[in-house]
Amino acid sequence: MKILITGGAGFIGSALIRHIINNTQDYVVNVDKLTYAGNLASLTTVANNPRYTFEQVDICDQLRIREIFDKYQPDAVIHLAAESHVDRSIHRAEEFIQTNIVGTYRLLEVARGYWYRLDQVKSAVKKSQFRFINVSTDEVYGDLAACEPPFTEQSPYAPSSPYSASKAAGDHLVRAWLRTYHLPTIITNCSNNYGAYQYPEKLIPLMILNALQGKKLPIYGDGLQIRDWLFVEDHARALYQVLTKGKIGETYNIGGNNEKTNIEIVYAICDLLEELVPNKPNNIKNYRDLITHVEDRAGHDKRYAINATKITNSLGWQPQEDFDSGLRKTVEWYLANPQWWKKILEKQK
Ligand SMILES: NC(=O)c1ccc[n+]([C@@H]2O[C@H](COP(=O)([O-])OP(=O)(O)OC[C@H]3O[C@@H](n4cnc5c(N)ncnc54)[C@H](O)[C@@H]3O)[C@@H](O)[C@H]2O)c1
(Lines give C-alpha, C1' and ligand atoms only; values in the text may rest on other atoms or scores of the structure.)
Protein backbone atom coordinates (compact mmCIF):
# COMPACT_ATOMS: atom_id res chain seq x y z
CA MET A 1 0.00 0.00 0.00
CA LYS A 2 0.97 3.61 -0.54
CA ILE A 3 -0.42 5.59 2.38
CA LEU A 4 -0.74 9.36 2.33
CA ILE A 5 -0.41 10.61 5.91
CA THR A 6 -1.21 14.23 6.75
CA GLY A 7 0.44 15.76 9.81
CA GLY A 8 3.16 13.10 9.79
CA ALA A 9 5.75 15.44 11.31
CA GLY A 10 3.64 15.81 14.47
CA PHE A 11 3.64 13.71 17.61
CA ILE A 12 1.18 10.96 16.63
CA GLY A 13 1.80 11.17 12.88
CA SER A 14 5.53 10.58 13.31
CA ALA A 15 4.86 7.60 15.61
CA LEU A 16 2.51 6.18 12.98
CA ILE A 17 5.07 6.65 10.19
CA ARG A 18 7.83 5.00 12.25
CA HIS A 19 5.44 2.14 12.98
CA ILE A 20 4.50 1.63 9.32
CA ILE A 21 8.03 1.92 7.92
CA ASN A 22 9.52 -0.35 10.61
CA ASN A 23 6.80 -3.03 10.69
CA THR A 24 5.22 -3.25 7.23
CA GLN A 25 6.24 -3.13 3.57
CA ASP A 26 3.97 -0.14 2.88
CA TYR A 27 5.02 3.20 1.39
CA VAL A 28 4.33 6.48 3.17
CA VAL A 29 3.91 9.96 1.72
CA ASN A 30 4.06 12.45 4.59
CA VAL A 31 2.19 15.68 3.81
CA ASP A 32 2.86 18.30 6.47
CA LYS A 33 2.91 22.10 6.54
CA LEU A 34 5.55 22.09 9.30
CA THR A 35 3.83 24.46 11.71
CA TYR A 36 5.51 25.11 15.06
CA ALA A 37 4.36 21.56 16.04
CA GLY A 38 5.80 19.79 13.00
CA ASN A 39 9.33 18.51 13.38
CA LEU A 40 11.25 16.45 10.83
CA ALA A 41 13.76 15.56 13.57
CA SER A 42 11.09 13.13 14.82
CA LEU A 43 11.52 11.14 11.61
CA THR A 44 15.31 10.88 11.29
CA THR A 45 15.21 7.10 11.88
CA VAL A 46 13.07 6.56 8.75
CA ALA A 47 13.90 9.62 6.62
CA ASN A 48 16.31 7.75 4.33
CA ASN A 49 14.09 4.73 3.85
CA PRO A 50 13.13 4.38 0.15
CA ARG A 51 9.52 3.72 1.22
CA TYR A 52 9.24 7.18 2.83
CA THR A 53 8.69 10.57 1.11
CA PHE A 54 8.04 14.00 2.57
CA GLU A 55 6.11 16.88 0.96
CA GLN A 56 5.81 20.22 2.74
CA VAL A 57 2.25 21.23 1.90
CA ASP A 58 -0.64 22.96 3.68
CA ILE A 59 -3.80 20.82 3.52
CA CYS A 60 -5.77 24.03 2.91
CA ASP A 61 -3.94 24.41 -0.43
CA GLN A 62 -6.31 22.37 -2.58
CA LEU A 63 -4.30 22.69 -5.80
CA ARG A 64 -1.11 21.41 -4.21
CA ILE A 65 -3.01 18.61 -2.47
CA ARG A 66 -4.52 17.56 -5.80
CA GLU A 67 -1.03 17.50 -7.35
CA ILE A 68 0.16 15.28 -4.49
CA PHE A 69 -2.70 12.81 -5.07
CA ASP A 70 -2.01 12.75 -8.83
CA LYS A 71 1.72 12.33 -8.30
CA TYR A 72 1.63 9.56 -5.69
CA GLN A 73 -1.69 7.76 -6.37
CA PRO A 74 -2.27 6.74 -2.74
CA ASP A 75 -4.23 3.62 -1.77
CA ALA A 76 -5.32 5.28 1.46
CA VAL A 77 -5.25 8.52 3.43
CA ILE A 78 -4.75 8.80 7.17
CA HIS A 79 -5.60 12.36 8.14
CA LEU A 80 -3.90 13.65 11.28
CA ALA A 81 -2.90 17.21 10.31
CA ALA A 82 -4.47 19.56 12.82
CA GLU A 83 -3.95 22.35 15.24
CA SER A 84 -4.05 20.31 18.42
CA HIS A 85 -3.44 22.39 21.54
CA VAL A 86 -6.55 23.46 23.49
CA ASP A 87 -4.88 26.46 25.17
CA ARG A 88 -3.82 27.90 21.82
CA SER A 89 -7.39 27.45 20.51
CA ILE A 90 -8.76 29.45 23.45
CA HIS A 91 -6.25 32.23 22.81
CA ARG A 92 -6.80 32.32 19.02
CA ALA A 93 -9.11 29.94 17.17
CA GLU A 94 -8.45 31.08 13.58
CA GLU A 95 -5.85 28.42 12.62
CA PHE A 96 -8.04 25.74 14.23
CA ILE A 97 -10.98 26.71 12.03
CA GLN A 98 -8.74 26.87 8.97
CA THR A 99 -6.84 23.60 9.33
CA ASN A 100 -9.28 21.42 11.26
CA ILE A 101 -12.41 22.43 9.33
CA VAL A 102 -11.47 24.11 6.04
CA GLY A 103 -8.38 21.93 5.59
CA THR A 104 -10.36 18.75 6.27
CA TYR A 105 -13.01 19.89 3.78
CA ARG A 106 -10.40 20.56 1.07
CA LEU A 107 -8.72 17.21 1.68
CA LEU A 108 -12.10 15.44 1.46
CA GLU A 109 -12.88 17.21 -1.81
CA VAL A 110 -9.56 16.21 -3.37
CA ALA A 111 -9.93 12.63 -2.07
CA ARG A 112 -13.47 12.45 -3.47
CA GLY A 113 -12.42 13.61 -6.96
CA TYR A 114 -9.45 11.25 -6.94
CA TRP A 115 -11.53 8.31 -5.73
CA TYR A 116 -14.26 8.93 -8.35
CA ARG A 117 -11.67 8.90 -11.12
CA LEU A 118 -9.99 5.70 -9.96
CA ASP A 119 -12.00 3.41 -12.26
CA GLN A 120 -11.79 5.80 -15.22
CA VAL A 121 -8.03 6.16 -15.40
CA LYS A 122 -5.34 3.50 -15.56
CA SER A 123 -4.30 3.12 -11.96
CA ALA A 124 -2.87 0.36 -9.84
CA VAL A 125 -5.08 1.57 -7.00
CA LYS A 126 -8.28 -0.45 -6.53
CA LYS A 127 -11.24 1.87 -6.03
CA SER A 128 -12.96 -0.63 -3.71
CA GLN A 129 -9.90 -0.74 -1.45
CA PHE A 130 -9.37 3.01 -1.06
CA ARG A 131 -9.86 4.30 2.51
CA PHE A 132 -9.91 7.72 4.17
CA ILE A 133 -9.20 7.44 7.90
CA ASN A 134 -9.98 10.57 9.92
CA VAL A 135 -8.05 10.74 13.19
CA SER A 136 -10.11 12.52 15.82
CA THR A 137 -10.31 12.91 19.54
CA ASP A 138 -12.49 11.87 22.48
CA GLU A 139 -12.83 15.59 23.27
CA VAL A 140 -15.63 15.85 20.67
CA TYR A 141 -17.88 14.11 23.22
CA GLY A 142 -17.48 16.88 25.80
CA ASP A 143 -16.88 15.80 29.40
CA LEU A 144 -18.23 13.29 31.88
CA ALA A 145 -19.34 13.49 35.49
CA ALA A 146 -17.46 11.18 37.87
CA CYS A 147 -20.35 8.71 37.98
CA GLU A 148 -20.99 8.50 34.22
CA PRO A 149 -19.86 5.54 32.11
CA PRO A 150 -17.06 6.12 29.56
CA PHE A 151 -17.82 7.46 26.06
CA THR A 152 -18.95 4.95 23.49
CA GLU A 153 -19.25 5.43 19.72
CA GLN A 154 -22.92 6.33 20.37
CA SER A 155 -22.16 9.20 22.77
CA PRO A 156 -23.51 12.50 21.41
CA TYR A 157 -21.08 15.16 20.27
CA ALA A 158 -20.88 18.07 22.78
CA PRO A 159 -17.48 19.74 22.34
CA SER A 160 -16.39 22.40 24.85
CA SER A 161 -13.32 24.17 23.45
CA PRO A 162 -12.62 25.81 20.08
CA TYR A 163 -10.20 22.89 19.47
CA SER A 164 -12.73 20.14 20.14
CA ALA A 165 -15.48 22.04 18.29
CA SER A 166 -13.25 22.31 15.21
CA LYS A 167 -12.40 18.59 15.40
CA ALA A 168 -16.12 17.77 15.79
CA ALA A 169 -16.88 19.88 12.71
CA GLY A 170 -14.19 17.96 10.78
CA ASP A 171 -15.78 14.65 11.85
CA HIS A 172 -19.22 15.84 10.70
CA LEU A 173 -17.80 16.73 7.28
CA VAL A 174 -16.18 13.30 7.00
CA ARG A 175 -19.48 11.61 7.88
CA ALA A 176 -21.33 13.76 5.35
CA TRP A 177 -18.83 12.88 2.59
CA LEU A 178 -19.47 9.21 3.37
CA ARG A 179 -23.25 9.49 3.40
CA THR A 180 -23.64 11.90 0.48
CA TYR A 181 -20.79 10.92 -1.81
CA HIS A 182 -20.05 7.39 -0.49
CA LEU A 183 -16.40 8.26 0.05
CA PRO A 184 -15.09 5.22 2.01
CA THR A 185 -14.28 6.89 5.32
CA ILE A 186 -13.68 5.67 8.86
CA ILE A 187 -13.39 7.90 11.96
CA THR A 188 -11.33 7.18 15.07
CA ASN A 189 -11.77 9.03 18.37
CA CYS A 190 -8.83 8.58 20.68
CA SER A 191 -8.05 9.62 24.24
CA ASN A 192 -4.99 11.60 25.41
CA ASN A 193 -1.71 10.26 24.04
CA TYR A 194 1.70 10.34 25.65
CA GLY A 195 5.16 9.12 24.65
CA ALA A 196 8.37 10.19 22.89
CA TYR A 197 8.59 13.22 20.55
CA GLN A 198 5.59 15.11 22.02
CA TYR A 199 5.86 18.89 21.70
CA PRO A 200 6.68 20.35 25.13
CA GLU A 201 3.52 22.40 25.54
CA LYS A 202 1.45 19.30 26.38
CA LEU A 203 1.14 18.20 30.02
CA ILE A 204 3.62 15.33 30.27
CA PRO A 205 6.62 16.73 28.33
CA LEU A 206 6.02 20.20 29.79
CA MET A 207 6.24 18.83 33.33
CA ILE A 208 9.30 16.68 32.61
CA LEU A 209 11.25 19.52 31.00
CA ASN A 210 10.19 22.20 33.49
CA ALA A 211 11.21 19.96 36.37
CA LEU A 212 14.59 19.22 34.78
CA GLN A 213 15.19 22.97 34.50
CA GLY A 214 14.01 23.67 38.06
CA LYS A 215 11.04 25.64 36.73
CA LYS A 216 7.54 25.75 38.24
CA LEU A 217 5.11 22.95 37.38
CA PRO A 218 1.86 24.81 36.63
CA ILE A 219 -1.30 22.82 37.41
CA TYR A 220 -4.65 24.11 36.24
CA GLY A 221 -7.05 24.59 39.19
CA ASP A 222 -7.13 21.69 41.63
CA GLY A 223 -5.48 19.31 39.13
CA LEU A 224 -8.30 16.82 39.59
CA GLN A 225 -9.28 16.80 35.90
CA ILE A 226 -9.32 13.20 34.67
CA ARG A 227 -7.94 12.03 31.32
CA ASP A 228 -7.70 8.53 29.86
CA TRP A 229 -4.06 8.06 28.78
CA LEU A 230 -2.82 5.94 25.90
CA PHE A 231 0.81 5.27 24.88
CA VAL A 232 1.30 6.78 21.42
CA GLU A 233 2.71 3.56 19.92
CA ASP A 234 -0.51 1.78 20.91
CA HIS A 235 -2.44 4.48 19.06
CA ALA A 236 -0.25 3.99 15.97
CA ARG A 237 -0.95 0.23 16.06
CA ALA A 238 -4.69 0.92 16.41
CA LEU A 239 -4.72 3.27 13.41
CA TYR A 240 -2.97 0.73 11.22
CA GLN A 241 -5.43 -1.93 12.36
CA VAL A 242 -8.35 0.36 11.51
CA LEU A 243 -6.86 1.04 8.08
CA THR A 244 -6.35 -2.61 7.23
CA LYS A 245 -9.31 -4.23 9.00
CA GLY A 246 -11.80 -1.46 9.84
CA LYS A 247 -15.25 -1.30 8.27
CA ILE A 248 -16.21 1.61 6.01
CA GLY A 249 -18.58 4.06 7.72
CA GLU A 250 -17.70 2.94 11.24
CA THR A 251 -16.34 4.95 14.13
CA TYR A 252 -13.83 3.37 16.50
CA ASN A 253 -13.08 4.74 19.97
CA ILE A 254 -9.48 4.16 21.04
CA GLY A 255 -8.42 4.42 24.66
CA GLY A 256 -5.99 3.05 27.19
CA ASN A 257 -8.30 2.31 30.12
CA ASN A 258 -6.02 4.50 32.19
CA GLU A 259 -8.03 7.18 33.93
CA LYS A 260 -5.70 9.47 35.89
CA THR A 261 -6.02 12.94 37.39
CA ASN A 262 -3.57 15.54 36.11
CA ILE A 263 -2.06 15.91 39.57
CA GLU A 264 -1.48 12.14 39.80
CA ILE A 265 0.44 12.32 36.52
CA VAL A 266 2.61 15.17 37.76
CA TYR A 267 3.33 13.35 41.05
CA ALA A 268 4.33 10.26 39.07
CA ILE A 269 6.69 12.29 36.87
CA CYS A 270 8.27 13.94 39.94
CA ASP A 271 8.78 10.55 41.58
CA LEU A 272 10.40 9.09 38.45
CA LEU A 273 12.73 12.08 38.24
CA GLU A 274 13.67 11.69 41.95
CA GLU A 275 14.87 8.20 41.03
CA LEU A 276 16.42 8.93 37.61
CA VAL A 277 17.85 12.43 38.16
CA PRO A 278 18.51 12.81 41.90
CA ASN A 279 20.88 15.76 41.32
CA LYS A 280 18.37 18.60 41.04
CA PRO A 281 18.88 22.10 39.65
CA ASN A 282 18.50 25.36 41.66
CA ASN A 283 18.97 23.66 45.08
CA ILE A 284 15.47 22.18 44.92
CA LYS A 285 14.76 19.68 47.68
CA ASN A 286 11.98 17.71 45.97
CA TYR A 287 10.64 17.95 42.43
CA ARG A 288 7.14 18.01 43.93
CA ASP A 289 8.00 21.37 45.56
CA LEU A 290 7.87 22.92 42.07
CA ILE A 291 4.12 22.22 41.74
CA THR A 292 2.16 25.48 41.52
CA HIS A 293 -1.60 25.69 41.14
CA VAL A 294 -2.67 28.31 38.59
CA GLU A 295 -6.07 29.64 37.49
CA ASP A 296 -8.09 26.91 35.77
CA ARG A 297 -8.39 26.80 31.96
CA ALA A 298 -11.61 28.44 30.67
CA GLY A 299 -14.28 25.82 30.00
CA HIS A 300 -11.96 23.07 31.27
CA ASP A 301 -13.45 19.59 30.77
CA LYS A 302 -13.60 17.65 34.02
CA ARG A 303 -13.29 14.08 32.85
CA TYR A 304 -12.77 12.06 29.67
CA ALA A 305 -12.97 8.29 29.56
CA ILE A 306 -13.16 5.95 26.60
CA ASN A 307 -14.92 2.65 26.18
CA ALA A 308 -12.73 0.86 23.61
CA THR A 309 -14.67 -2.41 23.61
CA LYS A 310 -15.70 -2.08 19.95
CA ILE A 311 -12.19 -1.90 18.49
CA THR A 312 -11.04 -4.67 20.83
CA ASN A 313 -13.90 -7.01 19.94
CA SER A 314 -14.14 -6.27 16.24
CA LEU A 315 -10.51 -5.63 15.24
CA GLY A 316 -8.62 -7.44 18.01
CA TRP A 317 -6.71 -4.33 19.09
CA GLN A 318 -5.77 -3.66 22.67
CA PRO A 319 -3.08 -1.53 24.29
CA GLN A 320 0.22 -3.29 24.88
CA GLU A 321 1.79 -0.71 27.20
CA ASP A 322 0.66 -0.18 30.78
CA PHE A 323 0.77 3.33 32.15
CA ASP A 324 3.63 2.92 34.65
CA SER A 325 6.01 1.37 32.13
CA GLY A 326 4.89 3.77 29.38
CA LEU A 327 5.48 6.82 31.55
CA ARG A 328 8.90 5.52 32.59
CA LYS A 329 9.84 4.96 28.94
CA THR A 330 8.65 8.48 28.14
CA VAL A 331 10.66 10.15 30.92
CA GLU A 332 13.72 8.09 29.95
CA TRP A 333 13.30 9.13 26.30
CA TYR A 334 13.30 12.85 27.18
CA LEU A 335 16.36 12.31 29.38
CA ALA A 336 18.20 10.51 26.56
CA ASN A 337 17.23 12.95 23.78
CA PRO A 338 17.98 16.51 24.92
CA GLN A 339 19.11 17.42 21.38
CA TRP A 340 15.48 16.95 20.22
CA TRP A 341 13.82 19.17 22.82
CA LYS A 342 16.55 21.74 23.45
CA LYS A 343 16.15 23.05 19.87
CA ILE A 344 12.42 23.51 20.49
CA LEU A 345 12.97 25.30 23.80
CA GLU A 346 15.51 27.59 22.09
CA LYS A 347 12.91 28.52 19.43
CA GLN A 348 10.29 29.23 22.12
CA LYS A 349 12.52 31.90 23.73
N1 LIG B 1 -2.29 14.32 21.06
C2 LIG B 1 -3.36 13.70 21.51
O3 LIG B 1 -3.42 13.33 22.67
C4 LIG B 1 -4.49 13.37 20.56
C5 LIG B 1 -5.51 12.53 21.00
C6 LIG B 1 -6.54 12.18 20.11
C7 LIG B 1 -6.53 12.67 18.82
N8 LIG B 1 -5.54 13.51 18.43
C9 LIG B 1 -5.57 13.99 17.03
O10 LIG B 1 -4.47 13.36 16.37
C11 LIG B 1 -3.95 14.23 15.38
C12 LIG B 1 -2.46 14.42 15.61
O13 LIG B 1 -2.26 14.98 16.90
P14 LIG B 1 -0.79 15.33 17.43
O15 LIG B 1 -0.83 15.35 18.90
O16 LIG B 1 0.20 14.49 16.72
O17 LIG B 1 -0.67 16.84 16.90
P18 LIG B 1 0.62 17.73 16.68
O19 LIG B 1 0.19 19.12 16.98
O20 LIG B 1 1.80 17.16 17.39
O21 LIG B 1 0.91 17.59 15.11
C22 LIG B 1 0.11 18.15 14.13
C23 LIG B 1 0.85 18.10 12.81
O24 LIG B 1 0.00 18.63 11.80
C25 LIG B 1 0.76 19.53 11.01
N26 LIG B 1 -0.18 20.55 10.45
C27 LIG B 1 -0.87 21.49 11.14
N28 LIG B 1 -1.59 22.23 10.30
C29 LIG B 1 -1.37 21.74 9.05
C30 LIG B 1 -1.86 22.08 7.76
N31 LIG B 1 -2.69 23.10 7.57
N32 LIG B 1 -1.42 21.36 6.70
C33 LIG B 1 -0.56 20.32 6.86
N34 LIG B 1 -0.05 19.98 8.06
C35 LIG B 1 -0.46 20.67 9.14
C36 LIG B 1 1.77 20.14 11.95
O37 LIG B 1 2.89 20.70 11.25
C38 LIG B 1 2.14 18.93 12.81
O39 LIG B 1 3.20 18.20 12.22
C40 LIG B 1 -4.75 15.53 15.46
O41 LIG B 1 -5.73 15.49 14.46
C42 LIG B 1 -5.37 15.48 16.84
O43 LIG B 1 -6.58 16.16 16.86
C44 LIG B 1 -4.52 13.87 19.26
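The values are calculated or read from the model by the stated rules, or taken from the named source; none is laboratory data. Only a predicted model underlies this, so the values are computations on that prediction, with no experimental measurement involved. So basically every Cβ, Gly included, is an ideal-geometry build from the backbone, and we count neighbours across all protein chains shown. Side chains are part of the model used for accessible areas, which takes the heavy atoms of the whole protein and leaves out ligands, DNA and RNA. Shrake-Rupley method; radii C 1.70, N 1.55, O 1.52, S 1.80 Å.
Between THR24 and GLN348, residue separation times 0.36 nm minus the direct Cα-Cα distance comes to 113.0 nm. Taking one quarter of the surface of the C-alpha convex hull of the chain gives a mean projected area of 17.1 nm². A dipole drawn for the chain from +1 and -1 charges on Cβ atoms has a positive end, and of ASN286, SER42, PHE231 the residue lying farthest that way is SER42.
Please give the helix 104-117 orientation as an angle from the longest Cα principal axis of the chain, in degrees from 0 to 90, rounded to the nearest 10. Here the helix axis deviates by roughly 30 degrees. What FRET efficiency do you get for ARG92 and LYS302 if R0 is 35 Å and r is their Cβ-Cβ distance, rounded to the nearest 0.05? After rounding, the FRET efficiency stands at 0.90. Relative to the longest principal axis of the chain, what angle (0 to 90°, nearest 10) does the C-alpha long axis of helix 203-212 take? Helix 203-212 sits roughly 40 degrees off the main axis of the chain.
Between ARG66 and TYR36, the C-beta separation translates, for a Förster distance of 30 Å, into a calculated FRET efficiency of about 0.70.
Kindly flag which residue pairs out of LYS126/LYS245; LYS280/LYS347; LYS167/LYS349; LYS71/LYS126; LYS260/LYS342; LYS2/LYS167 have an alpha-carbon separation exceeding 18 Å in this structure. The pairs that break the limit, which is 18 Å between Cα atoms, are LYS280/LYS347; LYS167/LYS349; LYS260/LYS342; LYS2/LYS167.
Among the GluC sites (Glu not before Pro) found in the range 244-315, those both in a DSSP coil and sparsely packed, with 13 or fewer other Cβ atoms within 10 Å of their Cβ, are GLU295.
Classify the range 6-126 from the C-alpha gyration tensor, please: rounded if a/c falls under 1.5, else prolate or oblate depending on whether a/b exceeds b/c. Oblate is the answer for the range 6-126, as a/c is 1.5 or above yet b/c matches or exceeds a/b.
Largest accessible area first, the residues LYS343, LYS215 order themselves as LYS343, LYS215 under a 1.4 Å probe with ligands, DNA and RNA left out. With contributions of -39500 (n - 2.57) from each DSSP H run of at least four residues, the per-residue ellipticity at 222 nm computed over the chain stands at -12000 deg cm²/dmol. FRET efficiency for the pair LEU335 and ALA176, taken as 1/(1 + (r/R0)^6) with r the Cβ-Cβ distance and R0 = 51 Å, rounds to 0.65.
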